[in-house]
Amino acid sequence: MLSGKTPKKSHIFLLTTGQPWREIQGISRGSELQREGDGRAATHWPGGLERVWRKEFSDPRGRMPGSKSWPRGSSVRCGIPILASRTDEIICVSPRSRRAVHGALSKPSKPGQQTRDDPVIAEDRICALPCWIGAIEIAPLPGGLSNANYVVSDAAGKHVVRFGQDYPFHHVFREREVMTARAAHAAGFAPAVHYSEPGILVTQFLGARTFLAEDVRANLGRVAALLRSFHREMPNHVSGAGFMFWVFHVIRDYARTLEEGNSRKRSDLPRLLTLADELERAQKLLPIVFGHNDLLPANILDDGNRLWLIDFEYAGFNTAMFDLAGVASNAGMSDEESFAFLTAYFMKEPDAAIRRSHAAMQCASLLREAMWSMVSELYLDAPGIDYVAYTEENLVRLDAALENYRTKYGILKP
């Protein structure tokens with residue numbers, strides 16, 4: 001566990017634009033400096049009051065930056081500049097620390113690849129957040145194929161810290177995710193957002209049980225009621241430009257990304273795109289709602305009294321069918337369970353067109369998940385995640401779902 005305390009015998013330096021690092025004495029975490037003048041004075045910055053931002057960098061050989069000038073936004077590790085995301089920072093250099101604290105990604109294993117934050121770096125970033133009350137304790141929160149999560153305890157209680165970056169290749173933008181998380185809390189579906197900054201989201205820790213597939217199947221009515229309310233209420237709370245999540249567009253865009261990235265699955269793309277067209281033709285016209293669009297069982301929580309939703313990185317306007325199909329396919333529902341689930345959601349027995357549309361969308365959901373993993377093979381490198389194996393797992397599931405769909409409904413020709 002980490003406490004967030006400032007290490008002893010540390011050195012503090014101010015990095016100003018194009019200027020040398022300058023040591024500042026007697027500054028502690030949370031101090032404020034008066035910003036005035038032209039920024040050349042070691043303890044003064046232009047304009048207003050600003051909280052001191054502190055970070056710790058390893059310096060095992062005792063090589064301090066000295067009078068060397070670094071470009072704006074640089075950080076230092078053992079005297080070597082590395083990528084930084086903030087500018088004009090107060091830097092805390094501790095000879096005792098063996099860790100470089102920084103908000104950048106871990107070094108990619110190949111060009112263009114993105115990785116999750118190293119646990120040590122992530123924990124130090126957590127310590128530096130301004131939202132804590134008193135000392136903190138940090139514990140990793142397992143799970144997540146592309147995001148790192150931690151439980152943090154402070155004097156106010158427990159919180160969840162979620163690290164995530166923009167993934168344009170997955171149509172994921174964190175500013176939209178934060179907006180949706182706040183809207184979902186306002187609408188009564190999600191935990192409160194306590195703090196956010198680029199790449200980090202801090203939310204209330206519910207202490208609730210994470211659903212497994214069997215939990216979804218055992219609570220079809222509760223899950224259906226939750227989704228029906230979410231779909232209807234969320235449009236009244238989301239703000240900004242509307243984001244449309246249409247799985248068939250996502251699949252086609254993934255195909256372009258995979259072609260450009262020379263994916264190992266390039267030869268399969270024409271067949272997969274033809275399949276996507278077939279499944280899209282089977283969709284019944286339905287009203288547009290606001291969907292979650294990533295309804296893995298683990299994104300549904302049960303606190304013993306009610307259900308909650310979390311993780312809104314793919315949320316956007318859609319028809320209800322993608323969420324209904326995603327829940328069913330991810331929970332491994334039988335045909336009978338799917339029928340009961342649709343009946344609970346629509347509050348009447350679904351007609352033949354709805355049933356066919358749902359079965360086809362389950363295949364589309366699995367196709368999208370498989371292609372998500374193919375793209376992730378190219379551009380993500382989360383520790384402990386085997387994207388190749390995950391791709392193959394979803395392709396096997398897709399084949400089984402597609403055989404069931406075509407046996408029951410046949411192939412819908414153009």
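The values are calculated or read from the model by the stated rules, or taken from the named source; none is laboratory data. Everything quoted here is computed from the prediction, not taken from an experiment. Using ideal geometry, Cβ is built from the backbone for each residue, glycine included, and neighbour counts are taken over all protein chains shown.
Output the number of residues of the range 221-270 satisfying the condition of being more than 17 Å from SER373 (Cβ to Cβ) and touching a Lys or Arg at 6+ places or on another chain (Cβ under 8 Å).
The number of residues fulfilling the criteria is 2.
Consider ALA325 carefully, then state whether it is among the aliphatic types (A, V, I, L, M) and surrounded by fewer than 18 Cβ atoms within 10 Å (Cβ to Cβ).
Against the criterion (among the aliphatic types (A, V, I, L, M) and surrounded by fewer than 18 Cβ atoms within 10 Å (Cβ to Cβ)), ALA325 does not qualify.
One line per residue, one yes/no per condition, for (1) in a loop (DSSP other than H, G, I, E, B); (2) within 26 Å of PHE173 (Cα to Cα):
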| position | (1), (2) |
| --- | --- |
| HIS249 | no, yes |
| TYR254 | no, yes |
| ASN262 | yes, yes |
| GLU280 | no, yes |
| GLN283 | yes, no |
| LEU286 | yes, no |
| LEU301 | no, yes |
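Between a first residue in the range 160-177 that is within 19 Å of GLY242 (Cα to Cα) and a second residue that is modelled with pLDDT under 95 and among the aliphatic types (A, V, I, L, M), which pairs have beta carbons less than 8 Å apart while being 6 or more apart in sequence or on different chains?
Hits for this filter: TYR167/LEU380.
Working only within the range 398-414, note down all residues that are surrounded by 11 or more Cβ atoms within 10 Å (Cβ to Cβ), charged (D, E, K, R) and either modelled with pLDDT under 95 or farther than 18 Å from ARG368 by Cβ (or both).
GLU403, ARG406, LYS408
Does the range 179-189 contain any residue that is within 24 Å of LEU296 (Cα to Cα), among the charged types (D, E, K, R), under 16 Å from the mean Cα position of the chain (by Cα) and assigned to a helix (DSSP H, G or I)?
Yes, the range 179-189 has at least one match.
Look through the range 190-202, keep the residues that are at pLDDT 95 or above and not in a strand (DSSP E or B), and return whichever of them is farthest from TRP372 (Cα to Cα).
ALA192
If a residue counts only when it is among the hydroxyl-bearing types (Ser, Thr, Tyr), which helices (runs of 4 or more DSSP H) contained entirely in the range 309-414 have at least 2 such residues? Please lay out each step first, then the result.
Details: elements: 320-331, 335-346, 352-379, 387-409.
It comes to 335-346, 352-379, 387-409.
Of the residues TYR167, TYR150, only one is more than 26 Å from MET234 (Cα to Cα) and of a type in the set (Ser, Thr, Tyr); which?
TYR150
Could you say whether any residue in the range 233-250 is surrounded by 15 or more Cβ atoms within 10 Å (Cβ to Cβ), touching an Asp or Glu at 6+ places or on another chain (Cβ under 8 Å) and touching a residue at least 40 places away in the same chain (Cβ under 8 Å)?
yes
With the condition kept exactly as written, say whether any residue in the range 126-136 is of a type in the set (A, V, I, L, M, F, W, C), at pLDDT below 90 and farther than 13 Å from VAL202 by Cα.
Scanning the range 126-136 turns up no residue that is of a type in the set (A, V, I, L, M, F, W, C), at pLDDT below 90 and farther than 13 Å from VAL202 by Cα.
Part of a loop (DSSP other than H, G, I, E, B), touching a strand residue (DSSP E or B) at 6+ places or on another chain (Cβ under 6 Å) and modelled with pLDDT of 95 or more, is that true of LEU295?
Spelling it out, it is not the case that LEU295 is part of a loop (DSSP other than H, G, I, E, B), touching a strand residue (DSSP E or B) at 6+ places or on another chain (Cβ under 6 Å) and modelled with pLDDT of 95 or more.
Please state which of the following conditions PHE290 fails to meet, knowing it meets all the rest: (1) surrounded by fewer than 18 Cβ atoms within 10 Å (Cβ to Cβ); (2) part of a strand (DSSP E or B).
Here PHE290 meets the rest and fails (1).
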